[in-house]
Structures are given as structure tokens and as C-alpha cells.
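The values are calculated or read from the model by the stated rules, or taken from the named source; none is laboratory data. The model shown is predicted, which means the values in this text are computed figures rather than measured ones. Every residue, glycine among them, receives a Cβ derived from its backbone with ideal geometry; neighbour counts consider all protein chains shown. Accessible surface is based on the protein model in full, side chains and every heavy atom, while ligands, DNA and RNA are left aside. Shrake-Rupley method; radii C 1.70, N 1.55, O 1.52, S 1.80 Å.
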Amino acid sequence: MPTFNPDFLKLAREQKGLSQKDLAAALKVAQSEISKIESGKKAPNESFVERIVQFFGYTADFFEQPDVAMPSGLVFHRKRSALSATDRARIEAEARARMLDVAAFARFHDGIASELPERNGRTPTEAARALRAEWKVPAGPIENLVALLERHRVFLLAFDFGTDLLDAFFLPSAERNEPMCIAFNTNPAFPPDRHRFTLAHELGHAVLHRDEFPDAKGDRQEMEANEFAGEFLAPAEDIAADLAPPLTFAKLRELKVKWKMSMSGLVRRAKEIKAIRESEYKSICFFFSKFGYRKREPSMGLLPERARAVRWLAADLFRSRGDAAPEALHLTRGLFDDRYPGAALAASQGGAPMT
């Protein structure tokens, strides 16, 4: 007989941003009841399981899954301290729940391993160059970073975090032959150029730090991930001529369109590769601050890059299993449609599967 796993009750509760007291009130039970069940001191009865199934939108066997190791790169994030404990738990639980789906998709497809090399002692710049070479990325700007990541089986768990205090964080696979995921905030507060740098930054963490614990402050890992992102998006050899002085505002606007990086990011990159002096960098930063560009730059018509791979996998599952697809993920149909809007419709219309 399957055994109730209390860790999945905690996951579902945190996913909704609820305390044990909140859940107890919603289910009309004592808080001590929730505490005992989550701690494994008491097995829930059938009535309790029926109520949580109805409340959370998961099937009963969701709560009967074996323990799954799901490490998280959220520990590296530079703004983690600004998040409330509740928001942090809620965002991480949502990402973990979606990562479980990706692991299930991988099983249905006989394994979908992310194509990420080992660091092997490389510096961040060397690692970025090695990854571009391994992925056969042409010299110059990356036209669509999201498509590139998804093509190499780095899956984006795209959802609104409900806060602008956190852009993204990576979730390393428990095993090397499993998919790597990046939880990605679709909150409209973030412009497309910031999205791209954020994804490259988290990719840097995934390549450089997946087997590390964070430093006390995380400063070294953050600096390394930034260095990786700069070289991956704008290799020094490719962008040096573009960043030659003078870096006028008109020139930076043109380069923003070409490289799909923020003007601030381009100026920072110019300093990193020593195309401009520190004094020039500070002068441009002062100009940006004066006109409010440090907070929000002109968009220059850049459009968001949309994550598609996970929705395609959901559509492919629905195409092969029909109405039984949600149950394969331990979801009710309502929760499946909420998490993967349009997947069922895409399946019925022959939408593109993951290739």
C-alpha cells in the first residue's frame, strides 16, 4: 500500500504561500494536526487526503511519491536576503513542483539530459568560451538566448514570482543525466535585456557552481557568474571593436539593438575588457543616473524571448495520453491547464512537440 509522504504536503502548502496555521484554517482542522502530519508523527486518514486533493488540485498519488533530491541554486542569489521567508518558500516550492513535471517529461522521452559541460578548473571566461564552442554558437550576438538554452535541454520554468526582488535561480538536476532547469520570473517589471543577462548569469551558476556550497556572502560566485554571462553574451574578441571609444549615447542605442544588452551592461562590458578607462566608465554611469537610465532605459524595441519547450512537452504528453495526461503528472485537469495554458489546445491542433 502506498505511503503518504509528508514532504509533498509541505511542498504543496508552501507553493500556495500558506503557513501551517493558514492551511489548518482552510481545512478546518487543528494546526497541531498539520504539524504532526508534516513531521511524519501521524499518518493522515482518508478524509484528510480527500480534502487536500480537492484543496491543492493534485491527485492523491502526488502525496505518495518517494523522496526526490531537488537542490536549488536560490542559495547563490544576491538578493535572497531581501525576500521574506514566506515568499522565498513559495517561489522555490513552485519551481520544485514544476521541476518534478520536467523530470516526468524526461522519463516519457527516455531521458532529456541538459547539455552542460563540467567546469574542469576553467575560469568563468574560459568556461563561457568553451560552452559557446561546444554548443557551436556563431561569433557575435546570440540572436535568441532562450531558444539556445532550450535547444540544449536547459529548461525554463517561466512563471510570475509575484515580486521583483528575484529575477531567476537555477535548479540543478540531482543526477548528471537529468535535465537542468532555471526558474525564471516573467514579472513585467523586468525588461528583455535584463532577462537575457539574468539567464546567462544563472547559466553561469549552473556551469560553474552546481556542485558548490555558497560562500558566506556568495560574492565570489556572483562575480564569477557575472563574468561568465558577460563573456557568453558578448565575447571580448567579438565586441571589442564595437566598444571602442567614444561610447556616445547614439552609439550605445545602436549597440543595444545589435547585442540585445542594456546600455549599462554594454558600458560595464567595455570596462571589463578595458576598452574604456575607469574614469570614462564613471562619467557614463553619472550621465545614466542623471537621466534615470540606471533604473529604466529606452527599450529600443527589444521584445521578450518566450520559453516554449516545457509547454511543448506538456502538449506532447497530452497528444499521446489525452485526458490521462494530467494524471501522469499527478495533476487534476484544472491545475494542468493553469500550469500549462494552451497545451491541451496545442495538442489537439498538432502543435510542435519538443525536438
* Structure fact -> Only one of (1) surrounded by fewer than 16 Cβ atoms within 10 Å (Cβ to Cβ); (2) not in a loop (DSSP other than H, G, I, E, B) does not apply to GLU115, and that is (2)
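Conditions tested, residue by residue: (1) more than 22 Å from ALA127 (Cβ to Cβ); (2) at pLDDT 95 or above; (3) buried (at least 22 other Cβ atoms within 10 Å of the Cβ).
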position	(1), (2), (3)
ALA236	no, yes, no
ALA240	no, yes, no
PRO245	yes, no, no
LYS251	yes, yes, no
LEU255	yes, yes, yes
LYS260	no, yes, yes
CYS285	yes, no, no
* Tabulated pairs, the stretch 97-121, first touching a residue at least 12 places away in the same chain (Cβ under 8 Å) and within 14 Å of LEU331 (Cβ to Cβ), second open to solvent by 30 Å² or more (accessible area, probe 1.4 Å) and small (Gly, Ala, Ser), C-beta under 6 angstrom, 6+ apart or interchain -> none
* Output yes when any residue across the stretch 300-313 is open to solvent by 60 Å² or more (accessible area, probe 1.4 Å), over 26 Å from HIS201 (Cβ atoms) and of a type outside the set (A, V, I, L, M), and no when none is. => no
* To do: Name, by its number, the condition in (1) assigned to a loop (DSSP other than H, G, I, E, B); (2) in contact (Cβ under 8 Å) with a residue 60 or more places away in the chain that does not hold for ALA128.
  => (1)
* Considering only residues of the stretch 59-87 that are open to solvent by 70 Å² or more (accessible area, probe 1.4 Å) and under 19 Å from GLY162 (Cα atoms), which is modelled with the highest pLDDT? -> THR86
* Structure fact -> Condition set in a loop (DSSP other than H, G, I, E, B) and in contact with an Asp or Glu (Cβ under 7 Å, 6 or more places away or on another chain), scope the stretch 1-55, selection modelled with the lowest pLDDT: answer is PRO2
